[in-house]
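K.L.:
Would you mind keeping the following structure in view while I ask a few things?
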Amino acid sequence: MSSLKLPPPEGQLAAVWSALHALLYGSQSVSESGLLASNGGLSLKAETTQDMAMLSQDVQKLESVLEEIMHTENGLEERTGRIQELSSILVDLSNDIKNNTGHSYLNPECVAARIREIIGAIKSLSGIPSSYPGAFFSGSQHLTVHGGTFMSNVHVHGDLSTRPCNRQEIQGPKPRALKAAFDSEHRELCCDETRAGALSDIARWIGVDGLDLGTSKGDSDSPQESIYWVNGPAGTGKTTIAATVAHACSNRSILGASFFCSRGDAECSDSTLVFTTIADQLGQFNPDFAAEVFSVRLANPDIGHSFSEYQLRKLIVEPLRLVRHSLQPCVIIIDALDECKDPAPTSTILTALSTHAAELAPLKFLVTSRPEVHITRAITSEPLNTFTRRLHLHEVELGVVRRDIEHYLEIKLSQMARGQSGDWPSAEEVRALANLSSGLFIFASTAVKFIDLPDFDPKTQLTWLIQNVDVPGEGSPTHRLDRLYTEVLSSALPNVPQRIRPHLRYILGSLVLLRGPLSLLAFSRLLDLDIDHIRRTLLRLQSVILIPTDLGKPIRLLHPSFFDFISSPTRCSIQELSVDVPYQNAVLAERCLTVLIRHLHRDMCRIGGASRLNCEVLDLPDRIGECIPLEVQYACRHWVSHIVHGSQVGSLLRLLDEFVPRCLLYWIEVCSLLGDLRHAVISVSQLHHVLIQHQVASNPTIVLLKEAERFIRAFFPVISTSALQVYHSALLFTPTESTLRNVYGTQMDLAVRTHNAVDRFWRPCLQIISLRGHVKNLSVSPDGNLIASVSEQVINLWDALTGTKLMTLVGQCAAFSHDGSKLCVYVEVQENDDTDYLQIYDIPDWSEVYREPCERSITVHSLAWFPDGSKVIFCADGRIRIWDLVNSRQVLLPLPELHSEKVLSMAFSRDGARIVSGSHGQIHIWDANNGALVENLHGHSDWVTALGFSHDGSLLASASDKTIQLWKAHGGTKIRKLRGHTDSITSLAFSPDSKQVVSGSDDQMVYIWDSASGGQLHKFRGHLNGVYSVVFSPVDHSQVFSGSADGMIRIWAVPPERTQPASLWSRWSNKRRDHTGRVLSLAFCAAGPNIVSGSDDGTMCIWDTSTGDVLQTIQAHSDWIWAVAFSHNSGRYIVSASRDTMLHVWDTSSGAGTTKFKTLVHPRSVSCVAFSPTKENSLATGCWDSVIRIWDFVDGTQLQTLRHSSPVISIAYSPDGLQIASGSSDGKTQICNISDGWILWQGRDRHDSLVRAVAFSPSGTRVISGDESTLRIWDAGGGILLDEIEGHSMSVPSVAGCINPRQSPFDIHIDSSVLLTTHAFIVQDEWLYCFSHKKRICWVPRDCRSSRLCVSADGNRVAFGMGDGRVVIFDFRGFECHSGSCDWSGQRPLPTSHEDDIV
């Protein structure tokens, strides 16, 4: 072990120096002794002497920092606190290590915490934020700390797949476009003395002295102008200017970031990657900024899919506020913005910049683009107009541009003139060529490359160009550029033999239609052509095509204007080379499918275990590069696009029929690995639509493609995070009689049997989105792509395709405008304010474009837009209000005067002419322009809870009580009533074609009605609470969205045919649901294969866990059954406890089935029960009267009474049957002696809420108690609180069965004796884990999991009690588990250093 080389310092540094020295020698002793700390299941494990030595090497990296501090007086005071902090930490840790050397125990949590502190202190001492996710202590990768929260340098011992990952951990690579940086490829720069005026003006705008951009000095003449827009038509040199500025700024270290857009690259044309990439590069520019961005990504894991304004605000503007003091002024360059895919009428990138234009300092944005309408509109709008300086290249005096082009040509041609005889080129020739360019630099650049073609005489080439391109009377810049391109092709064609001319068209057509960059090697493999053949064929076209000498570099067009030329029959006159776009797309589609069929297979990246998340494969990018060649990646991303835009030829369709049943799942796997799964959903949907439209594909192919869309959407949460789950959990829960399951069922490798979990066919529910709180209102964007949900004054924006949360807003009500360009939000007053607000956000950049105060209200609902977007209408405190957005004032109309009660419902006609309002028994129709009463409708005697106009304006629907009344909207004539709901109807809506009505009710059902006949078309079941909001997809009537009090949004596919409601459930499902209510309690029989369940309908069911069948259903009680249990050992008896104060004991041994054996009456509701583990005839009950009663249930006598401080919620016997642990509603946990009733102890630390579960450890030395958010571990003997584990995501009815901490449960540092069973399971982040064997088993869909979970005694079965009356059973008996190892589906178990270690 080497010591530090510098002499020991004096003063403040002495303590640090001494501590470092002690730590180094202490750690050496540890490594030599091979210390292993096993206390509490945590360990600081040094398997080799290298482990701690590597840590020592990292500590020694402080030498340079300390030396700098020692020899520099400046800034020493600022670092005093950091030095003292580091000194204290190092001294404490070194003492801990020395004190424990040679002993068997070392406090692992202390070590884990100390290491984290050291990391933070070293970063702080080095001037780097402690939260920055950089690579520190890189050498200590083998150091393993079990427990605590780990930094990136501290690794979990064993396979990462063995621990649950939270949402933040499963996002994979950062969302960024690596190829967008200016230096990612060679870019031509401006020649000296060209573009001097433009570059000088940019230099003045940047305001940095000495910037090598023309002759002007810095000193910005307009600090307010944070954006500089360079614009001009194609070929005017925008990218060259941008590259020149980027190069100069990079040399001066003031280039913050650059994003060079390219429509030929999927990433470099993706608008959602612009600000994420810029934020990433700014993080490299400034570490403090990187730390803030890292924190944002942790808090917003889906931000890569969010809107541009939200990304700019969260990733750039807000971090900028926090680090502005340490961030030097810098330039951000966005080039060719017009090549960024942006469907919005106004540029989303520029609109986002406009929203925050005043907050960008010290950042300056240089943006170049063509002057396209959507970009110009954004630039000229306020406030961006005020903050933007402009340079219109096409408005620069032609003479100035021509002189620049002449100078450029002189430089380039003079380089060719070396070795040429005579005075070449002449000034006249240069001037003539410059005149031909018509101000287009791309013309000059292409001409230079054409003149300099290998094997051609430059003099001859120049003369030919001047003579052939200059056509009198046809002198437009575009025409001359076309002539130049024509000459380029014409010069190449005679040199291409006739036999390979089709190859030239094939290669050239494929190249110009590529939808992403490909290296020359990958391009040759995609086309199945020899590389040298491609080079020879394109040799004469190097003036328009970049043909790299490096096989790994992309082959590409030099300028997008060549694509515009060669793909247009009217511009390209050479028919042999003109690209037929549909035909060439079909050719590329065939090549893509051929490549995929040849290369795709299961587990492309050799990940192995399906339980591993993508983010847990630490070298995944390297594996992708090695195992998925670029041409395969390209084919996976773009095969559908080429088919959709191509001709449907027979050979292509035959390949499609081969690919779909053979490789579809392999393709989905790769899309997950590439992070392209959302695009895969869109792709298969587009392809299915095109094939149906043209009726060209076989029916099995069409069916499989449709089911593939359902498959990806239904299982998007799991497939997007774990690619191999496509063959695992996703296939497991795919309907058993679906075509996809029948075709790919043999691919499933999960040895799990389920009962009552998997449907027979695809059900109407396409997707489930879960959130916290009741879903009170839904609004869907007109294109059907976005969902705005209102829940507890929080508005969440969702991607309707994948269910991904895009952003969160504050508000009580929200509505999309009719044109889909805006979202209006009503924001309730804050405590310190006396007004509410109306806010309007622009879509899709989500910038706030309107905010005005309005009259304070308590409750607001039914927000809607006028069709012309000039006003919004809403119902506030039972009154209807209209808000004029143009004049920012409330329009006072006497709408509520005729209502004798408050208005509960309101609707607006599509034409904006009429408003309908409903209160108690009253419906009024008003003129929206003047507030005049048009109709007064009578037909309800109760509250009118929902209203809606049909889209064609002919019908009105009103809901009251349990019925819907249809009216003629003009005249108010009753048409018919719609009956079927069994509870109050809360919401209704018409389909876009006005032919159907959808309704949601408190009966948890969604109905679809025929508005013409009043017949019930469809009946959707799935919600577990009242349905508060329903709406048809605005695009068509094929989808319905519903939001419920159960915290779920469901998207339903409306079947094209009429379905008989009575047979709907049996049609799609073979699940048993003998309970008609929710399952509230579950218990396995220890002696047999049965499980008992209790429901809020008073029934008790006994299930066969091997088949999922109900053996017996008993109407056991008249009220909710809170608790059930089997007796120990024989399992002969079952006890059921109910809210009806009755406790029944049932005998299962009689030949006539389960019969009632004894009834025990209680004064209050019984909340929990437990059989004695040692006495067959004894059981305990916990009651709401705060009493625990011990019974001899055979003779019905009460043996003992134990008192609690408040209602008893949970009880458990000790293993010896002598004590009872209990938890109460006031958060207390206690243990009592059964024999004398004495309270042995009552925990001093109360839970924050009622204690839902208690249990003893198998040894009886520990007690664990749990509420909704915390687990506490107690010493059973003295009631000392030993540990506390924060975080449950749901209620825990059985501590032994459902431990659900927010922190990784495999990181919990508890003694193994605390484990309640050798087979504990948890549910976290939608995954089912085996706690004791540290394995992620499978993902469980929302319809198959709940908070009511129990585990069989042998640990081989898990059951969920569902809200729809089902008991979902998972049977793991195909797995082999034994102490110390676990062999499940070939998954590798965690290595353990001790048989009791629980990580």
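The values are calculated or read from the model by the stated rules, or taken from the named source; none is laboratory data. In this text the structure is predicted, and so the values were computed from the model without any measurement. Neighbour counts are summed over all protein chains in view; Cβ atoms, including those assigned to glycine, are modelled from backbone coordinates with ideal geometry. Remember, those area values only see protein heavy atoms, side chains included, never the ligands or the DNA or RNA. Shrake-Rupley method; radii C 1.70, N 1.55, O 1.52, S 1.80 Å.
K.L.:
Restricting to region 536-545, and then to whatever is outside any loop (DSSP other than H, G, I, E, B) and buried (at least 17 other Cβ atoms within 10 Å of the Cβ), can you tell me which residue is modelled with the lowest pLDDT?
P.N.:
The selected residue is Arg540.
K.L.:
Between a residue in region 1015-1030 that is within 23 Å of Ser781 (Cα to Cα) and open to solvent by 20 Å² or more (accessible area, probe 1.4 Å) and any residue that is of a type in the set (Gly, Ala, Ser) and not in a strand (DSSP E or B), which pairs come within a Cβ distance under 8 Å, given they are 6 or more apart or on different chains?
P.N.:
Tyr1028/Ala1045
K.L.:
From the list Gln1242, Gln1230, Gln1200, Gln1219, pick out the single residue that is polar (S, T, N, Q) and open to solvent by 60 Å² or more (accessible area, probe 1.4 Å).
P.N.:
Of the residues listed, the single one that is polar (S, T, N, Q) and open to solvent by 60 Å² or more (accessible area, probe 1.4 Å) is Gln1242.
K.L.:
Being touching a helix residue (DSSP H, G or I) at 6+ places or on another chain (Cβ under 8 Å) and open to solvent by 20 Å² or more (accessible area, probe 1.4 Å) is the filter; apply it to region 494-512 and report the residue that is modelled with the highest pLDDT. Steps first, please.
P.N.:
Narrowing region 494-512 to residues touching a helix residue (DSSP H, G or I) at 6+ places or on another chain (Cβ under 8 Å): 495-496, 500-501, 503-504, 506-512.
Retained after the next criterion (residues that are open to solvent by 20 Å² or more (accessible area, probe 1.4 Å)): 495, 500-501, 503, 506.
Details: Asn495: 62, Ile500: 68, Arg501: 72, His503: 80, Tyr506: 90.
The extreme case among them is Tyr506.
K.L.:
For a quick check of your reading: which helices (runs of 4 or more DSSP H) sit entirely within region 561-633 and have at least 2 residues that are small (Gly, Ala, Ser)? Steps first, answer last, please.
P.N.:
On the way: elements: 561-566, 581-599, 620-627.
Filter on region 561-633 gives 581-599.
K.L.:
Can you confirm whether His940 is open to solvent by less than 20 Å² (accessible area, probe 1.4 Å) and touching an Asp or Glu at 6+ places or on another chain (Cβ under 8 Å)? Full working, then the answer.
P.N.:
Details: open to solvent by less than 20 Å² (accessible area, probe 1.4 Å): no; touching an Asp or Glu at 6+ places or on another chain (Cβ under 8 Å): yes.
It is false that His940 is open to solvent by less than 20 Å² (accessible area, probe 1.4 Å) and touching an Asp or Glu at 6+ places or on another chain (Cβ under 8 Å).
K.L.:
Filtering region 733-753 down to residues that are open to solvent by less than 30 Å² (accessible area, probe 1.4 Å) and in contact with a strand residue (DSSP E or B) (Cβ under 9 Å, 6 or more places away or on another chain), which residue is farthest from Asp1371 (Cα to Cα)?
P.N.:
Residue satisfying both the conditions and the ranking: Phe733.
K.L.:
Considering only region 527-551, state which residues are acidic (Asp, Glu) and within 19 Å of Leu513 (Cα to Cα). So that I can check it myself, show each step before the final result.
P.N.:
Of the residues in region 527-551, the ones acidic (Asp, Glu) are 528, 530, 532, 550.
If the condition is that a residue be acidic (Asp, Glu) and within 19 Å of Leu513 (Cα to Cα), then Asp528 is the only one that fits.
K.L.:
Let me ask another. On the basis of being open to solvent by less than 10 Å² (accessible area, probe 1.4 Å), part of a strand (DSSP E or B), among the polar types (S, T, N, Q) and in contact (Cβ under 8 Å) with a residue 24 or more places away in the chain, does Ser857 make the cut? Walk me through how you get there before you give the answer.
P.N.:
Details: open to solvent by less than 10 Å² (accessible area, probe 1.4 Å): yes; part of a strand (DSSP E or B): no; among the polar types (S, T, N, Q): yes; in contact (Cβ under 8 Å) with a residue 24 or more places away in the chain: yes.
For Ser857, the condition - open to solvent by less than 10 Å² (accessible area, probe 1.4 Å), part of a strand (DSSP E or B), among the polar types (S, T, N, Q) and in contact (Cβ under 8 Å) with a residue 24 or more places away in the chain - is not met.
K.L.:
What are the pairs with Cβ atoms under 6 angstrom where one residue, in region 862-873, is without any contact (Cβ under 8 Å) to a residue 60 or more places away in the chain and the other, located anywhere, is among the acidic types (Asp, Glu)? Sequence gap at least six, or different chains.
P.N.:
Within 6 Å, the pairs are Lys871/Asp884.
K.L.:
Across region 1034-1044, what is the number of residues that are open to solvent by 10 Å² or more (accessible area, probe 1.4 Å) and either out of contact with any Ser or Thr (no Cβ under 9 Å at 6 or more places or on another chain) or not polar (S, T, N, Q) (or both)?
P.N.:
Narrowing region 1034-1044 to residues open to solvent by 10 Å² or more (accessible area, probe 1.4 Å): 1034-1039.
Restricting the remaining residues to those that are either out of contact with any Ser or Thr (no Cβ under 9 Å at 6 or more places or on another chain) or not polar (S, T, N, Q) (or both) gives 1034-1038.
Adding up the residues that qualify gives 5.
K.L.:
Restricting region 584-611 to residues that are charged (D, E, K, R) and within 15 Å of Ile624 (Cα to Cα), which is nearest to the chain's Cα centre (by Cα)? So that I can check it myself, show each step before the final result.
P.N.:
We begin by selecting, within region 584-611, every residue charged (D, E, K, R); these are 590-591, 598, 602-603, 606.
Filter once more, so that each one left must be within 15 Å of Ile624 (Cα to Cα): 602-603, 606.
Values: Arg602: 25, Asp603: 23, Arg606: 25 Å.
That would be Asp603.
K.L.:
Restricting attention to region 1159-1197, and to residues there that are under 52 Å from the mean Cα position of the chain (by Cα) and of a type in the set (Phe, Trp, Tyr), which single residue is surrounded by the fewest Cβ atoms within 10 Å (Cβ to Cβ)?
P.N.:
Once the filter is applied, the top-ranked residue is Trp1184.
K.L.:
Residues to consider are Glu631, Glu616, Glu576; find the one that is open to solvent by 50 Å² or more (accessible area, probe 1.4 Å) and either in contact with a Phe, Trp or Tyr (Cβ under 8 Å, 6 or more places away or on another chain) or not hydrophobic (A, V, I, L, M, F, W, C) (or both). Talk me through it step by step, then tell me what you get.
P.N.:
Working: Glu631 fails: open to solvent by 50 Å² or more (accessible area, probe 1.4 Å); Glu616 fails: open to solvent by 50 Å² or more (accessible area, probe 1.4 Å).
On inspection, the qualifying residue turns out to be Glu576.
K.L.:
Just give me the residues in region 982-1004 being within 20 Å of Asp1046 (Cβ to Cβ), open to solvent by less than 20 Å² (accessible area, probe 1.4 Å) and of a type outside the set (Ser, Thr, Tyr), in sequence order. Spell out the reasoning first.
P.N.:
Our first condition is that a residue be within 20 Å of Asp1046 (Cβ to Cβ); within region 982-1004, this holds for 982-989, 998-1004.
Filter once more, keeping what is open to solvent by less than 20 Å² (accessible area, probe 1.4 Å): 985, 987-989, 998-1001.
Once the filter is applied, which keeps residues that are within 20 Å of Asp1046 (Cβ to Cβ), open to solvent by less than 20 Å² (accessible area, probe 1.4 Å) and of a type outside the set (Ser, Thr, Tyr), region 982-1004 yields Ile985, Leu988, Ala989, Val998, Gly1000.
K.L.:
Moving to a separate point now. Within region 764-777, does at least one residue satisfy the condition of being over 27 Å from Ser789 (Cα atoms) and either in contact with a Lys or Arg (Cβ under 8 Å, 6 or more places away or on another chain) or aromatic (Phe, Trp, Tyr) (or both)?
P.N.:
Filtering region 764-777 down to residues over 27 Å from Ser789 (Cα atoms) leaves none.
The answer is no, given that none of the residues of region 764-777 is over 27 Å from Ser789 (Cα atoms) and either in contact with a Lys or Arg (Cβ under 8 Å, 6 or more places away or on another chain) or aromatic (Phe, Trp, Tyr) (or both).
K.L.:
Considering His638, His642, which residue is in contact (Cβ under 8 Å) with a residue 40 or more places away in the chain, in contact with a Leu (Cβ under 7 Å, 6 or more places away or on another chain) and buried (at least 18 other Cβ atoms within 10 Å of the Cβ)? Lay out the reasoning, then the answer.
P.N.:
Details: His638 fails: in contact with a Leu (Cβ under 7 Å, 6 or more places away or on another chain).
From the options His638, His642, the qualifying one is His642.
K.L.:
Name the single residue that is nearest to Cys340 (Cα to Cα) among those in region 248-294 being of a type in the set (Phe, Trp, Tyr) and either part of a helix (DSSP H, G or I) or open to solvent by 50 Å² or more (accessible area, probe 1.4 Å) (or both). Step through it out loud before you land on a result.
P.N.:
Our first condition is that a residue be of a type in the set (Phe, Trp, Tyr); within region 248-294, this holds for 259-260, 275, 285, 289, 294.
So of that shortlist, the ones also either part of a helix (DSSP H, G or I) or open to solvent by 50 Å² or more (accessible area, probe 1.4 Å) (or both) come out as 275, 285, 289, 294.
Values: Phe275: 12, Phe285: 24, Phe289: 26, Phe294: 26 Å.
In this case the residue turns out to be Phe275.
K.L.:
Only residues that are closer than 17 Å to Asp1104 by Cα, touching a residue at least 24 places away in the same chain (Cβ under 8 Å) and part of a loop (DSSP other than H, G, I, E, B): list them for region 1133-1153, please.
P.N.:
The answer is Thr1148, Gly1153.
K.L.:
So which residues in region 1234-1257 are of a type outside the set (Gly, Ala, Ser), over 23 Å from Ser1081 (Cα atoms) and in contact (Cβ under 8 Å) with a residue 12 or more places away in the chain?
P.N.:
Filtering region 1234-1257 for residues of a type outside the set (Gly, Ala, Ser) gives 1234, 1236, 1238-1242, 1244-1248, 1250-1252, 1254, 1256.
Imposing the further condition that a residue be over 23 Å from Ser1081 (Cα atoms) reduces the set to 1234, 1236, 1238-1242, 1244-1246, 1248.
Once the filter is applied, which keeps residues that are of a type outside the set (Gly, Ala, Ser), over 23 Å from Ser1081 (Cα atoms) and in contact (Cβ under 8 Å) with a residue 12 or more places away in the chain, region 1234-1257 yields Ile1234, Ile1239, Leu1240, Trp1241, Gln1242, Arg1244, Asp1245, Arg1246, Asp1248.
K.L.:
Six or more apart or on different chains, Cβ under 9 Å: which pairs go from a residue in region 904-917 that's under 13 Å from Asp868 (Cα atoms) and basic (Lys, Arg) to one that's open to solvent by less than 30 Å² (accessible area, probe 1.4 Å) and part of a loop (DSSP other than H, G, I, E, B)? Could you list them?
P.N.:
What qualifies is Arg910/Ser950; Arg910/Gly953.
K.L.:
Can you tell me which residues in region 645-661 are assigned to a helix (DSSP H, G or I) and in contact (Cβ under 8 Å) with a residue 24 or more places away in the chain?
P.N.:
Here is the first cut: in region 645-661, the residues assigned to a helix (DSSP H, G or I) are 650-661.
Hits for region 645-661 are Ser651, Leu652, Leu653, Leu655, Leu656, Asp657, Glu658, Phe659, Val660, Pro661.
K.L.:
In region 290-305, is there at least one residue being among the acidic types (Asp, Glu) and in contact with an Asp or Glu (Cβ under 7 Å, 6 or more places away or on another chain)? Walk me through how you get there before you give the answer.
P.N.:
We begin by selecting, within region 290-305, every residue among the acidic types (Asp, Glu); these are 292, 302.
This time we only want the ones that are in contact with an Asp or Glu (Cβ under 7 Å, 6 or more places away or on another chain), so: none.
Taking every residue of region 290-305 in turn, none turns out to be among the acidic types (Asp, Glu) and in contact with an Asp or Glu (Cβ under 7 Å, 6 or more places away or on another chain).
K.L.:
Could you tell me whether Ile555 is part of a helix (DSSP H, G or I) and either at pLDDT 85 or above or open to solvent by 40 Å² or more (accessible area, probe 1.4 Å) (or both)? It would help to see each step written out before you state the result.
P.N.:
Numbers: part of a helix (DSSP H, G or I): no; either at pLDDT 85 or above or open to solvent by 40 Å² or more (accessible area, probe 1.4 Å) (or both): yes.
No, not satisfied.
K.L.:
Being in contact (Cβ under 8 Å) with a residue 24 or more places away in the chain and within 21 Å of Leu189 (Cβ to Cβ) is the requirement here; does Ser258 meet it? Show your work before the answer.
P.N.:
Values: in contact (Cβ under 8 Å) with a residue 24 or more places away in the chain: yes; within 21 Å of Leu189 (Cβ to Cβ): yes.
Here the answer is yes, as Ser258 does meet what is asked.
K.L.:
Would you confirm, using the coordinates I've provided, whether Ser476 is modelled with pLDDT under 75, over 18 Å from Ser414 (Cα atoms), surrounded by fewer than 23 Cβ atoms within 10 Å (Cβ to Cβ) and not hydrophobic (A, V, I, L, M, F, W, C)?
P.N.:
Values: modelled with pLDDT under 75: yes; over 18 Å from Ser414 (Cα atoms): yes; surrounded by fewer than 23 Cβ atoms within 10 Å (Cβ to Cβ): yes; not hydrophobic (A, V, I, L, M, F, W, C): yes.
Against the criterion (modelled with pLDDT under 75, over 18 Å from Ser414 (Cα atoms), surrounded by fewer than 23 Cβ atoms within 10 Å (Cβ to Cβ) and not hydrophobic (A, V, I, L, M, F, W, C)), Ser476 qualifies.
K.L.:
Another one. Could you run through region 950-981 and say how many residues are of a type outside the set (Phe, Trp, Tyr), open to solvent by less than 10 Å² (accessible area, probe 1.4 Å) and without any contact (Cβ under 8 Å) to a residue 60 or more places away in the chain?
P.N.:
First, the residues of region 950-981 that are of a type outside the set (Phe, Trp, Tyr): 950-966, 968-981.
With open to solvent by less than 10 Å² (accessible area, probe 1.4 Å) added as a condition, the list becomes 950, 956-960, 964-966, 969, 978.
Subset that is without any contact (Cβ under 8 Å) to a residue 60 or more places away in the chain: 956-960, 964-966, 978.
The qualifying residues number 9.
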